[in-house]
Structures are given as structure tokens and as C-alpha cells.
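Student: Quick one: this structure, given as C-alpha cells, is what I'll be asking you about.
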Amino acid sequence: MLEVSGLTVSFNGTTVVSDIGFSLNRGEVLGFVGESGSGKSITSLALMGLLPPNARITSGRAILTIDNNPIDLIELPETQHRQLRGKTIAMIFQEPHTSLNPSMRCGKQVVEAIELNTSLRGKKAKQRCMELFKEMQLPDPQKVFNSYPHQLSGGQKQRVMIAMALAGEPKLLIADEPTTALDVTVQKEILALLRQVRELHNLAIIFISHDLAVISEIADRIMVMQQGRLVEQGVANNILCSPRHAYTQQLINFRKKINQPISTQNSLDFNKRTIFKVSQAVVNYRGNSWFDKGFRAISNVSFTLYEGETLGLVGESGSGKSTLGRVLLKLLALQSGLVEYEGIPLNCMGHNQLMRFRRQVQLVFQDPYSSLNPRLTIEQALIEPFLYHGMGNRKEARQNMAKLLDAVGLRADSTNRYPHEFSGGQRQRIVIARALMLKPTVLICDEVLSALDVSTQSQMLDLLQELKQNHGLTYVFISHDLSVVRSICNRVVVLRMGQIEEEGAAEDIFDRPQSTYTKSLIVAIPGKFF
């Protein structure tokens with residue numbers, strides 16, 4: 001169905017994708033895997049005719065054969081390419097929240113795609129939209145039809161995006177990291193849905209991911225890309241069980257390392273002092289209007305954080321993980337209950353105690369790019385909190401910054417650069433260094449690895465363990481990725497709908513889960529080969 005040969009793409013004269021060649025059959029799933037910057041998305045955008053203005057295809061062919069009619073996608077004029085998009089080739093983009101129009105109801109957006117790519121209009125188009133929503137297994141199609149994107153969960157938005165992609169009944173579907181930011185249970189559902197869609201419509205699918213564990217769940221064949229080049233391709237089982245290229249072996253080893261449980265030598269000694277004690281915590285979010293009464297985000301949650309441990313907070317989106325993190329940081333007030341830090345209730349702290357608390361308990365955000373001021377250099381971003389809290393003069397701040405940058409594996413000469421000049425993994429190292437500038441005792445890490453490649457995840461996990469040992473840190477690790485939690489956490493608290501479902505040592509939670517919900521989370525972890 002699709003035959004690509006010699007595809008080469010350059011940006012402003014610099015080659016970013018070089019001599020890519022592969023084939024794809026009808027009804028087949030081809031997995032593209034590789035780290036960020038390997039050229040996966042650029043290759044797919046070249047096929048879609050959606051490359052940015054500064055990109056140019058310097059050579060290659062991409063022959064798409066539909067009904068015995070061969071079409072070269074590379075030589076196709078934009079007007080004809082536009083006619084193919086949606087009807088013959090469709091794409092599911094990585095982030096549904098930014099891909100959907102926030103000012104339009106979801107139903108209207110899908111109806112628009114149906115009317116654009118088919119002969120259906122009006123009521124018939126709406127009827128087709130409702131059929132697609134049912135096929136996507138959305139719980140209440142009529143409610144979703146009338147909802148705006150922000151009113152849906154991440155999994156529901158992704159299902160709407162898949163429905164929109166299928167609106168024109170395409171023959172080829174390109175899915176670009178469609179499950180990266182989703183919970184393991186939702187991810188499992190989306191993968192099952194794509195397999196069902198493939199069988200129902202006899203679609204060919206190009207599935208792009210940086211995670212071999214996810215690729216292993218859906219792909220028939222796998223293409224491994226590194227720095228714009230194709231280094232290995234073949235049947236999925238062969239690639240995963242007997243990789244030939246060193247880079248493929250490295251990716252598999254990184255995933256296996258992440259899947260390993262925490263070493264017994266790092267197990268927690270519970271005879272240490274209490275850092276946080278949470279008792280019967282309740283948090284309510286108020287509604288935006290008189291008919292919206294809001295909801296209860298945290299309900300009667302109690303647990304203890306001990307010095308030197310890494311406590312994992314896990315659960316699906318909406319389970320209350322991030323809300324609980326904000327409660328520990330005193331960024332959200334409790335409706336009832338009590339949170340104590342080193343024996344002092346947070347709501348009874350005076351000014352000096354609160355300033356000390358702000359220094360000692362630091363947050364590492366999920367998205368380092370949005371948590372760094374784009375107008376500040378890295379030096380300015382790092383020394384600002386040091387100076388604000390009066391921990392020394394500018395010279396001492398620079399000396400401390402140099403030590404921390406070295407500790408997190410960044411070069412000292414990078415301090416005059418801005419956030420956009422760094423990769424995602426480097427930016428994550430920067431925000432960790434910024435948090436450590438105040439010499440904290442507790443780091444609350446909110447989904448800090450969720451959007452990173454497996455190789456970067458592995459490096460960051462090693463870094464966090466090293467920093468914990470060298471700086472005597474205590475971690476609260478918030479994540480929906482149970483593989484990561486298993487590899488770093490001593491103890492785990494499983495949250496569901498604002499309540500603690502299960503709590504215990506990481507080994508017990510993963511090897512001997514008691515709750516049905518916990519069991520469902522563990523079963524949903526991808527990667528049967530790892």
C-alpha cells in the first residue's frame with residue numbers, strides 16, 4: 001500500500017532525516033520507535049505534506065497505492081495533498097488538548113470533518129458522528145457531542161481525535177504518540193481501540209512512540225530510528241527478542257532497567273523521624289456557577305512520610321495525586337483534616353516558620369518548559385530563589401549553582417542560555433537544580449518523567465537516586481507510570497477518586513496487590529517482552 005524509499009528531509013540546509021525507506025501493507029501496524037529528535041514525527045509529517053515552511057524534502061519517493069492507482073506523496077502538489085488528507089490519510093496528533101479547538105463543541109468539530117470529507121450533511125452527518133462516538137466506546141455520546149474539550153478527560157479527548165481521524169474513512173492512519181500522557185488503564189483502552197479500528201476498517205496504521213513497551217503491544221513490524229536514520233527494522237517479535245543493532249539493544253535495556261523493582265539495599269528503615277503527617281484530609285473544589293456545585297477532590301486521606309524514603313502517589317487522572325501534592329506544599333487549603341510538617345500544623349505556621357517551610361519543601365513540575373521563565377537565562381532562573389530567601393550573596397549563589405549544575409550533569413557554560421535552547425531532559429535537570437538551590441529536605445516530583453524518552457527516564461532515575469544519597473533528600477513521587485514508580489519508590493499509596501485504595505511497601509503493592517483497582521493498574525502496564 002505504501003512504499004517509501006530514500007526519503008531525506010532538511011531544515012535550513014541541515015539534514016534531519018536521511019535516506020529512510022520502508023513499506024506498509026493494508027491492515028498492518030508499523031511501529032516507529034526512537035528517542036526525541038530521531039526523525040519519527042518529521043517522517044510522518046513529510047508523508048502528510050505538513051512539514052513546516054523551513055523544511056524541504058531533498059530526495060526520495062513515497063508511493064501510496066489506492067485501488068491500483070499509485071500516487072507519489074512527495075511530488076504531489078499542495079492542492080491535491082489537501083484532498084488526500086482526511087479522506088485517504090489521517091493523523092492522530094500527540095496532544096489532543098491542543099489539537100482540538102477549545103471554542104467549539106466536540107460534536108461540531110467531528111461533524112465539520114465528516115462534512116468536509118464525505119457527502120453527508122446536516123442530520124446525516126450528526127448521525128454518523130454519533131455512530132463514531134459509539135464505536136470509540138465513549139460512555140455518553142450525546143454528552144460528549146455537546147461538550148467542549150476542557151470538559152472531557154484525556155482519554156475521552158483522545159477518542160474524539162480518533163473519531164475525527166476516521167470521519168473521512170481513510171485507508172492509512174498515522175498515530176503520533178497517542179498514548180504518551182495517558183494513564184496505564186486509559187492507554188490500554190486506546191491501544192485496544194486502535195486494534196479494533198484496524199480490524200473493523202482494514203486500516204494500515206503507522207504508530208509512533210518513544211516507548212518500546214507500548215510499541216510491543218500493537219505493532220506487527222517495527223522501525224527503529226536514531227538521529228534521523230533508520231538503524232533497524234523487522235517483525236516486532238524479532239526486533240524485541242533478538243535486536244541486532246546496538247541502539248535497539250540500548251533502548252530495550254533502558255526499558256528493562258525501568259521495569260526493575262527498587263533494590264533491596266535501598267529499602268526504607270521505618271525507624272526514622274516523621275516528615276509529613278496527613279490526617280483525615282478533605283479538599284473540595286468549588287463550582288464556577290450556582291448550578292455547578294463543584295466536587296470533592298480528596299476525601300479523608302491519611303498517611304505519613306518518613307525521612308529518607310521515596311513515597312509514590314499513584315492513580316489515574318482525577319484520583320487526587322496532584323491535589324494531594326499541592327496540599328503538602330500548602331498551596332491548597334483543607335476543608336477539614338490536618339497536615340503537619342515536622343510536628344507543626346501547616347495552618348498554624350508563623351511567617352518565619354512558613355519561610356523555612358518554603359525553603360525546605362520544593363516542587364519539581366511536570367512540564368519544565370512552562371515552569372521556567374522563557375525570558376530568564378538559566379543563571380537568572382537558578383539564583384533568583386537563592387537571593388530571594390537571603391541564603392547568600394550573588395557570588396555565593398553562582399558558586400552553589402555551578403556545583404548543582406555539575407551534580408545534575410549539565411555544563412557550567414550553559415548558564416547564559418535560555419530554556420528553549422535545551423532538550424526536554426536537560427530542562428528537567430535544570431528545574432531539579434533550581435529546586436536544590438534552596439537546600440531542601442523534601443522534593444515533591446509531579447509527573448517529572450511522563451513525557452521523556454525511556455533513555456532519558458533511565459538517566460533521570462539514576463540522577464534522582466544519586467541526589468537523594470548525596471543531599472539526604474526525601475521524595476514524594478507523583479506518577480501514573482507504575483513502571484517508574486516500581487523502580488524508585490520504597491512505599492506506594494494508591495489513590496482512586498480522592499481516597500486511598502491501598503497503601504504499603506512497593507514490593508507488596510506490585511507483587512501482592514490486595515485491591516481489585518490496584519490489580520487492574522498493574523495488569524495494564526505495557527511491555528510483555530520486558
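Student: Picking from 318, 308, which residue would you name as being part of a loop (DSSP other than H, G, I, E, B) and open to solvent by 50 Å² or more (accessible area, probe 1.4 Å)?
Tutor: Values: 308 fails: open to solvent by 50 Å² or more (accessible area, probe 1.4 Å).
On inspection, the qualifying residue turns out to be 318.
Student: Given the criterion surrounded by 18 or more Cβ atoms within 10 Å (Cβ to Cβ), under 24 Å from residue 376 (Cα atoms), of a type in the set (A, V, I, L, M, F, W, C) and in contact with a strand residue (DSSP E or B) (Cβ under 6 Å, 6 or more places away or on another chain), identify the matching residue among 435, 506. Steps first, please.
Tutor: On the way: 506 fails: under 24 Å from residue 376 (Cα atoms).
Answer to the selection: 435.
Student: Within the set of pairs 6+ apart or on separate chains, which have a first residue in region 57-68 that is closer than 19 Å to residue 26 by Cβ and touching a residue at least 24 places away in the same chain (Cβ under 8 Å), a second that is part of a strand (DSSP E or B) and open to solvent by 60 Å² or more (accessible area, probe 1.4 Å), and C-beta atoms under 6 Å apart?
Tutor: So the pair list comes out as 63/3; 63/70.
Student: Next question, about the same structure. Can you tell me which residue within region 369-380, out of those that are open to solvent by 10 Å² or more (accessible area, probe 1.4 Å) and assigned to a helix (DSSP H, G or I), is nearest to residue 400 (Cα to Cα)? Walk me through it before giving the result.
Tutor: Taking region 369-380 and keeping what is open to solvent by 10 Å² or more (accessible area, probe 1.4 Å), we get 369-371, 373-377, 379-380.
Checking which are assigned to a helix (DSSP H, G or I) leaves us with 369-371, 379-380.
Numbers: 369: 23, 370: 24, 371: 21, 379: 11, 380: 13 Å.
Filtering first and then ranking leaves 379.
Student: Go through region 125-156 and report how many residues are closer than 16 Å to residue 97 by Cα, open to solvent by less than 20 Å² (accessible area, probe 1.4 Å) and not hydroxyl-bearing (Ser, Thr, Tyr).
Tutor: Count: 4.
Student: Determine if region 408-422 includes at least one residue that is within 17 Å of the chain's Cα centre (by Cα) and surrounded by fewer than 19 Cβ atoms within 10 Å (Cβ to Cβ). Working first, answer last.
Tutor: Residues of region 408-422 within 17 Å of the chain's Cα centre (by Cα): none.
Among the residues of region 408-422, not one is within 17 Å of the chain's Cα centre (by Cα) and surrounded by fewer than 19 Cβ atoms within 10 Å (Cβ to Cβ), which makes the answer no.
Student: Within region 393-401, is even one residue open to solvent by 20 Å² or more (accessible area, probe 1.4 Å) and either hydrophobic (A, V, I, L, M, F, W, C) or in contact (Cβ under 8 Å) with a residue 40 or more places away in the chain (or both)? Show your work before the answer.
Tutor: First pass over region 393-401, keeping only residues open to solvent by 20 Å² or more (accessible area, probe 1.4 Å): 393-396, 398-400.
In the following step, the residues that additionally are either hydrophobic (A, V, I, L, M, F, W, C) or in contact (Cβ under 8 Å) with a residue 40 or more places away in the chain (or both) were identified as none.
Checked region 393-401: no residue is open to solvent by 20 Å² or more (accessible area, probe 1.4 Å) and either hydrophobic (A, V, I, L, M, F, W, C) or in contact (Cβ under 8 Å) with a residue 40 or more places away in the chain (or both).
Student: Being of a type in the set (Phe, Trp, Tyr), at pLDDT 90 or above, open to solvent by less than 20 Å² (accessible area, probe 1.4 Å) and assigned to a strand (DSSP E or B), is that true of even one residue in region 246-260? I'd like the intermediate steps shown before the answer.
Tutor: Residues of region 246-260 of a type in the set (Phe, Trp, Tyr): 247, 254.
Okay, now just the ones that are also at pLDDT 90 or above, so 247.
Checking which are open to solvent by less than 20 Å² (accessible area, probe 1.4 Å) leaves us with 247.
Narrowing further to those that are assigned to a strand (DSSP E or B): none.
Scanning region 246-260 turns up no residue that is of a type in the set (Phe, Trp, Tyr), at pLDDT 90 or above, open to solvent by less than 20 Å² (accessible area, probe 1.4 Å) and assigned to a strand (DSSP E or B).
Student: Could you list, in sequence order, all residues of region 205-241 that are of a type in the set (Val, Ile, Thr), in contact (Cβ under 8 Å) with a residue 40 or more places away in the chain and in a strand (DSSP E or B)? Give the derivation first.
Tutor: Keep residues of region 205-241 that are of a type in the set (Val, Ile, Thr), which gives 205-206, 208, 214-215, 218, 222, 224, 231, 235, 239.
Now narrow it down to the ones that are in contact (Cβ under 8 Å) with a residue 40 or more places away in the chain: 205-206, 208, 214-215, 218, 222, 224.
Correct list: 205, 206, 208, 222, 224.
Student: Between residues in region 483-511 that are free of Cβ contacts under 8 Å to residues at least 12 places away in the same chain and residues that are buried (at least 23 other Cβ atoms within 10 Å of the Cβ), which pairs lie under 9 Å by C-beta distance while being six or more apart or on different chains?
Tutor: Pairs that qualify, where the first residue is free of Cβ contacts under 8 Å to residues at least 12 places away in the same chain and the partner is buried (at least 23 other Cβ atoms within 10 Å of the Cβ), are 508/492.
Student: Which members of region 139-158 meet the condition of being more than 24 Å from the chain's Cα centre (by Cα), of a type outside the set (S, T, N, Q) and in a helix (DSSP H, G or I)?
Tutor: Across region 139-158, the qualifying residues are 141, 143, 145.
Student: Still on this structure: Going through 301, 339, 278 one at a time, which residue ends up being assigned to a strand (DSSP E or B), more than 30 Å from residue 391 (Cβ to Cβ) and among the hydrophobic types (A, V, I, L, M, F, W, C)? Steps first, answer last, please.
Tutor: On the way: 339 fails: more than 30 Å from residue 391 (Cβ to Cβ); 278 fails: more than 30 Å from residue 391 (Cβ to Cβ).
301 is the lone residue from the list that is assigned to a strand (DSSP E or B), more than 30 Å from residue 391 (Cβ to Cβ) and among the hydrophobic types (A, V, I, L, M, F, W, C).
Student: Can you tell me which condition residue 500 does not meet? The list is (1) of a type outside the set (Phe, Trp, Tyr); (2) open to solvent by 40 Å² or more (accessible area, probe 1.4 Å); (3) farther than 28 Å from residue 282 by Cβ; (4) outside any loop (DSSP other than H, G, I, E, B), and all the others hold.
Tutor: All conditions pass for residue 500, except number (3).
The values are calculated or read from the model by the stated rules, or taken from the named source; none is laboratory data. Just so you know, these numbers come straight off a predicted model, no measurement behind them. Ideal geometry is used to build each Cβ from the backbone, glycine not excepted, and the neighbour counts take in all protein chains shown. In case anyone asks, the SASA skips ligands and DNA or RNA and just uses the protein heavy atoms, side chains included. Shrake-Rupley method; radii C 1.70, N 1.55, O 1.52, S 1.80 Å.
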